[in-house]
Amino acid sequence: MLTQKEILSTIEMIDRQHLDIRTITMGISLLSCCDSDAKAACEKVYDKITRCAENLVRVGEDIEQEFGIPIVNKRISVTPIALVAAASETEDYVPFALALDRAAQTCGVNFIGGYSALVQKGMTEADKKLIRSIPEALGRTELVCSSVNVGSTRAGINMDAVALMGRIVKETAARTQERDGLGCAKLVVFCNAVEDNPFMAGAFHGVGEAEKVINVGVSGPGVVHHALQSVKNAPFDVVAETVKKTAFRVTRMGQLVAREASERLDTPFGIVDLSLAPTPAVGDSVARILEEMGLEVCGTHGTTAALALLNDAVKKGGVMASSSVGGLSGAFIPVSEDEGMIAAAQSGTLTIDKLEAMTCVCSVGLDMIAVPGDTPAETVAAIIADEAAIGMVNNKTTAVRILPVPGKQVGDSIEMGGLLGSAPVMPVHPESSAAFIARGGRIPAPLHSLRN
Amino acid sequence: MNAIVSVIGRDRVGICAAVCTKMADYGINILDITQTIVQGNFTMIMAVDLEKANASFGEIKGGLEELGNGMGLDIRMQRQEIFDAMHTI
């Protein structure tokens, strides 16, 4: 029998500690939509998405009401469009993005992910066409998210793709200049991208996945922060145990919602992604958890160790709570989306270099970082290369979502609103990486023996 | 279907009566009630059975919220599974 204390603790987590389901994401395979006629392919894409995800938002809202747990986002991920559009005889892939956008609007979802290409080893003609169309596609759509995988532990890093993505990020910022380069918030460059990630902007439905699938992303930095407040000054094994117990509870809730959604939508359950996904709201910050462990400001010495403990304990607690764990699973450190990170970056304690170190031990990478608008494309590419190298060598997913904000300098700040938050423009190293990026070619896959 | 109804707010005369009457109106059977008052703060948790309820989950939830608003109370109803999931293995 449940005790009053248990019931009230759940209610308090939801009411005061921002506990929520961050997203229910329906993955839909679009491989059946290939057509030599691009117009026909786009129609098939629209029809299939709107047919499969017709009830997604309504079911999400029903679950929200019955269980009393907020489900912040309902989203769709699709097969990387470079694979779908490859069959079409066309030079212009933007209509595919427009079809995705229309379908997302019709279904009422927040975002649709999968305007993507996987080019870790090489680029097909279709991959090149898709990547070159990203700035226009993101400039002309509202809800479409794009991602490009430029490296993997098995294939190495495709440095031609890295160089190209440096330019694409800059062009995307220029295309969405009037909105402070907001298009870049919808563009992720990955190494070791996962096929079942429910979180945006990097979600796509991998080719190894089923026809359609339900993936759920949980959240809960506020709950972990609150739990750690009860173990002040305790040794780290106590901290780890506390995080594990909290992650277990949060994930059980995610598993319950995933199972309900899967049954009601008659769609197989895929995975629960156990991520601590912060929001700009006070009390929903990953940085504040690290500070609760005893750091004056996130970004000071000790931050990487604190994050390593947090990331690992979240996974250990969550794994037992769900029948299938996947996606990115860990702690996210998006600067603009985390109230504590914003404050730490504004104070100058949290720098890009420290964030890069933190990405060695957290679940993703350099995320939602605003840099000066005059940052050269080669520098953006070199940042991507560094991050991809960390992912490649450490056998983990890493990503870069960076906004070179047109017309802004260090000291300025941009407001994106909603979950995207606000970001102080952070300095990058002024020294050039141009000759490094100009080399092109591939960085070979790393050796995974002789590990001393 | 079982649900948990939680009533939280400042203590006053007639909370229990009003909530229980509302339950009876909806044809909801009350399985268990616990109630505490600490320094004038009223907390009541009810386990209820919606099997023979005469309205939908959404309608009942809305009706309880309305009752709560009128009395300065926070009344919510959630399916029991969410609490079971989070607190039992």
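Among the residues in segment A:231-240, are any touching a residue at least 12 places away in the same chain (Cβ under 8 Å), within 14 Å of chain B (Cβ to nearest Cβ) and not acidic (Asp, Glu)? Checked against the condition, which is being touching a residue at least 12 places away in the same chain (Cβ under 8 Å), within 14 Å of chain B (Cβ to nearest Cβ) and not acidic (Asp, Glu), segment A:231-240 yields no hits at all.
When the residues of segment B:1-14 are narrowed to those that are within 14 Å of chain A (Cβ to nearest Cβ) and not hydrophobic (A, V, I, L, M, F, W, C), which ends up surrounded by the most Cβ atoms within 10 Å (Cβ to Cβ)? Out of the qualifying residues, it is B:SER6.
For (1) out of contact with any helix residue (DSSP H, G or I) (no Cβ under 9 Å at 6 or more places or on another chain); (2) within 14 Å of another protein chain (Cβ to nearest Cβ); (3) surrounded by fewer than 16 Cβ atoms within 10 Å (Cβ to Cβ), each residue gets a yes or a no:
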{"residue": "B:GLY27", "(1), (2), (3)": "yes, no, yes"}
{"residue": "B:ILE30", "(1), (2), (3)": "no, no, yes"}
{"residue": "B:ILE33", "(1), (2), (3)": "no, yes, yes"}
{"residue": "B:MET44", "(1), (2), (3)": "no, yes, no"}
{"residue": "B:ALA55", "(1), (2), (3)": "no, yes, yes"}
{"residue": "B:ILE60", "(1), (2), (3)": "no, yes, no"}
{"residue": "B:LEU64", "(1), (2), (3)": "no, yes, no"}
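Inspection of segment A:296-313 identifies no residue that is touching a residue at least 60 places away in the same chain (Cβ under 8 Å) and either within 20 Å of A:VAL188 (Cα to Cα) or of a type in the set (Lys, Arg) (or both).
Checking each residue in segment B:66-89 for being without any contact (Cβ under 8 Å) to a residue 60 or more places away in the chain and within 11 Å of chain A (Cβ to nearest Cβ) picks out B:GLU81, B:ILE82, B:ASP84, B:ALA85, B:MET86, B:HIS87, B:THR88, B:ILE89. Among the conditions (1) of a type in the set (A, V, I, L, M, F, W, C); (2) within 14 Å of another protein chain (Cβ to nearest Cβ); (3) surrounded by fewer than 18 Cβ atoms within 10 Å (Cβ to Cβ), B:ALA17 misses just one, which is (2).
So, in segment A:217-255, of the ones that are under 13 Å from A:SER285 (Cα atoms) and among the small types (Gly, Ala, Ser), which residue ends up surrounded by the fewest Cβ atoms within 10 Å (Cβ to Cβ)? Per the criteria, the residue is A:GLY222. Taking segment A:96-193 as the region of interest, the strands (runs of 3 or more DSSP E) fully inside it that hold 3 or more residues being β-branched (Val, Ile, Thr) are A:144-152.
Looking at A:GLY327, is it under 21 Å from A:VAL400 (Cβ atoms), crowded, with 24+ Cβ neighbours inside 10 Å and among the small types (Gly, Ala, Ser)?
On the way: under 21 Å from A:VAL400 (Cβ atoms): yes; crowded, with 24+ Cβ neighbours inside 10 Å: yes; among the small types (Gly, Ala, Ser): yes.
Spelling it out, A:GLY327 is indeed under 21 Å from A:VAL400 (Cβ atoms), crowded, with 24+ Cβ neighbours inside 10 Å and among the small types (Gly, Ala, Ser).
Return yes when B:ALA3 is in a strand (DSSP E or B), closer than 28 Å to A:ARG58 by Cα and touching a helix residue (DSSP H, G or I) at 6+ places or on another chain (Cβ under 9 Å) and no when it is not. Please lay out each step first, then the result.
Working: in a strand (DSSP E or B): yes; closer than 28 Å to A:ARG58 by Cα: yes; touching a helix residue (DSSP H, G or I) at 6+ places or on another chain (Cβ under 9 Å): yes.
Judged against the criteria, B:ALA3 is a match.
Only the coordinates and a few stated rules stand behind these numbers; no lab work does. Given the structure is predicted, the values throughout are model-derived calculations rather than measurements. For neighbour counting, all protein chains shown are included, and Cβ atoms are generated from backbone atoms with ideal geometry for every residue, glycine included.
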